1. Just to be sure I understand the model, the point goes 7 Å from the Cα along the line to the Cβ. What's the resulting Asn231 to Asp202 distance in nm?
2. Per residue, what accessible area does the chain have, given a 1.4 Å probe and all protein chains present, in Å²?
3. Along each principal axis of its Cα atoms, how long is the chain end to end? Whole angstroms, biggest number first, please.
4. Please sort by residue number the trypsin sites (Lys or Arg not before Pro) in the range 268-327 whose DSSP state is loop and whose Cβ has at most 12 other Cβ atoms within 10 Å.
5. Ignoring ligands and nucleic acids, what accessible area does Asp578 show with a 1.4 Å probe (Å², nearest 10)?
6. Take Ile577, Ile554 and sort them by solvent-accessible surface of the protein heavy atoms, 1.4 Å probe, largest at the top.
7. About the Cα centre of the chain, what is the dipole size in debye to 20, counting +1 per Lys and Arg Cβ and -1 per Asp and Glu Cβ, all else neutral?
8. How much FRET efficiency would the formula 1/(1 + (r/R0)^6) give for Lys612 and Glu68, where r is the Cβ-Cβ distance and R0 is 45 Å, rounded to 0.05?
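The values are calculated or read from the model by the stated rules, or taken from the named source; none is laboratory data. Computed from a predicted model, the values in this text were never measured in an experiment. Methodologically, a virtual Cβ is constructed for each residue, glycine included, from the backbone with ideal geometry; neighbour enumeration extends over all protein chains shown. When the accessible area is computed, the model is the full protein with side chains, heavy atoms only, and any ligands, DNA or RNA have been set aside. Shrake-Rupley method; radii C 1.70, N 1.55, O 1.52, S 1.80 Å.
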Amino acid sequence: MWLLPILTINTMDLLNKTTKKILLTFAVAVSSMTAIATEGVEVHHLGINNSHVRVTGDARYVLFPVQESIDDATVNVIVDGKLEKTFYLRLAKNKVDYMVPFDITPYRGHNIIFDVVSQHDRTTVREPKNEAGWSHIALSDTFNTVNREKYRPVYHHTPLYGWMNDPNGMFYKDGVWHLYYQWNPYGSKWQNMTWGHSTSKDLVNWEHHPVAIEPNGLGTVFSGSCAIDHNNTAGYGKDAIIAMYTSAGASQMQSLAHSNDDGETFEIYAANPVITLDSEARDPNFFFNETTGEWNLVLAHALEHEVLVFSSPDLKHWTQKSAFGKVGACEGVWECPDLFAIDFEGGKKWVLLVNLNPGGPFGGSGIQYFVGDFDGTTFTPDTDADGTIPTKWLDYGKDNYAVVSWSDAPSNRRTLIGWMSNWQYAADVPTKQFRSANTLPREVFLFAGKDGRVYAGTKPSPELDAITGKPIAKAMNFTVGNPARTFALPEKNDGVCRITMDIDARKAAEVRIVLTTTPEKEKDTPEKVIMTYDPEAQTFVFDRTESGLDNFSIDFPATTVAPTFSDGERLSLDIFIDTSSIEVFGNDGRFAMTNLVFPTQPYDTIEISAPKGYARIENLKISPITVNN
């Protein structure tokens with residue numbers, strides 16, 4: 001059987017455009033030659049909606065064909081006549097979008113049957129055996145993970161394949177950043193939630209590891225957190241890694257697991273669940289409180305728009321202490337809370353992150369936060385002079401959600417990462433080998449606004465400086481008006497770059513920054529992203545309504561707006577452009593904006609203008625992004 005060679009890639013795959021095209025052509029050609037290979041696999045159709053796939057050969061994987069437009073089939077894995085596990089698969093009927101692997105090496109020497117129960121009925125199909133998908137099931141010792149996606153990011157974390165959403169369980173230990181994430185190993189749509197696992201020594205280059213925590217009798221594995229048990233409070237040994245997550249079956253409950261191999265594998269606590277409620281609650285996030293000498297945990301009381309606060313001496317026995325909520329943005333469900341302290345003006349303030357969906361500032365998902373105090377029992381938010389609790393947003397784009405922080409980060413850092421998508425269209429974006437990336441890592445800080453409130457800002461993590469190359473364009477103290485000044489973006493990596501600039505707009509009604517593409521055909525309209533700074537309104541606007549592909553969702557074309565938190569008419573910008581995303585950090589991180597884009601051709605120029613009046617650009621740098629590969 002012809003197979004592409006296996007290649008374990010990371011998200012910094014730097015294949016140039018020509019090489020990508022060659023590999024893709026080769027992959028399609030080889031796929032067409034091997035599509036009907038079924039050696040070592042027997043398919044038996046037992047009825048209109050039930051078939052058996054029996055493994056008779058020896059290999060590492062069974063490869064299953066996926067067609068995303070159909071409903072899930074239930075696949076029961078039967079080993080020696082006993083049910084081993086169940087997963088869900090959009091098993092192809094009349095076309096194959098891609099293949100997914102199921103690792104059968106743990107069952108070598110045993111009888112393996114995949115019992116497939118489909119959604120068929122007699123109104124849709126009479127002969128399941130005639131469906132194309134069955135002849136594509138194959139055995140293989142390899143699974144090809146070479147990047148075949150035009151829009152896979154160059155320097156953002158993505159899974160090798162399959163669906164990804166919330167980041168989970170992040171911790172730092174011995175120079176390694178651990179990132180777990182909600183993952184579907186059997187397709188690029190949401191389903192089969194497990195904890196995928198990646199690690200990095202620099203927050204940019206990621207190594208992929210086997211699944212860390214899988215579904216069990218209590219349900220699938222939803223979001224949660226990890227921490228290092230430095231004092232052996234749980235009894236699993238000093239510096240054991242403890243995980244808390246939501247088991248999602250018929251109900252949601254909180255479960256515990258531990259690892260004694262630095263997070264590679266976890267042992268599930270036999271007495272799970274450790275927290276149960278009579279209503280929907282999820283996404284436990286816990287930390288050791290040095291002041292009280294106990295563990296604290298925050299839990300999203302999703303439909304009640306609350307965060308519940310618990311304490312525990314040993315991570316196994318939890319007592320609810322208080323509830324905070326029913327304030328701020330309450331349109332959608334509350335999810336993925338995080339509570340931590342940040343240094344501020346010689347003391348500490350506490351920040352409570354609450355992700356919600358829908359109800360974000362521009363539709364769909366969003367991240368609100370509250371600043372206040374925490375005594376180990378109760379979170380008390382800051383209020384305005386009139387006693388109200390203000391709603392504040394951590395990101396003013398559409399595509400940053402489920403943001404949480406690493407535990408045990410070095411040098412007292414509070415480093416965040418989010419899921420770079422939006423539930424409005426996450427399952428429909430134009431990729432198939434994988435779906436979704438993480439945002440860039442960011443550092444949280446607090447600052448005082450002109451209105452007297454305390455705000456949270458996020459700066460790009462310092463590790464990103466190491467991948468910022470020597471500028472290809474650098475200019476200082478030049479004036480822009482109308483027409484625009486134009487600069488080329490790097491040709492390498494399809495325009496992937498970092499742009500920094502400082503703007504003095506005191507003589508301008510607005511400053512426009514436009515990223516544009518050069519169409520392949522003269523008659524085609526250039527695609528563009530229009531960013532506008534209004535010094536009078538003190539706002540920064542990001543318009544992606546002409547940015548490229550957007551027909552996959554009516555919610556994707558959008559314009560997002562951020563307050564600039566400026567003291568005057570000056571604005572500094574730090575803009576990160578990747579293959580399918582743009583992240584803007586303004587005024588040293590006082591505002592951030594994260595938006596996906598899918599240009600049909602890479603953005604290759606940046607235009608800067610002041611249509612009415614003029615502005616001075618004090619410092620402009622356009623730098624390629626370079627990564628170790």
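1. So the two model labels end up 3.8 nm from each other.
2. 40
3. So the three principal-axis extents are 76, 66, 47 Å.
4. Details: sites: Arg282, Lys316, Lys321, Lys326; in loops: Lys316, Lys326.
Filter output for the range 268-327: Lys326.
5. Answer for Asp578: close to 10 Å² accessible.
6. On the way: Ile577 5, Ile554 160 Å².
These residues rank, largest area first, as Ile554, Ile577.
7. Numbers: 54 positive and 78 negative charges, 294 e Å.
Roughly 1420 debye for the chain.
8. Using R0 = 45 Å, I get an efficiency of 0.40.
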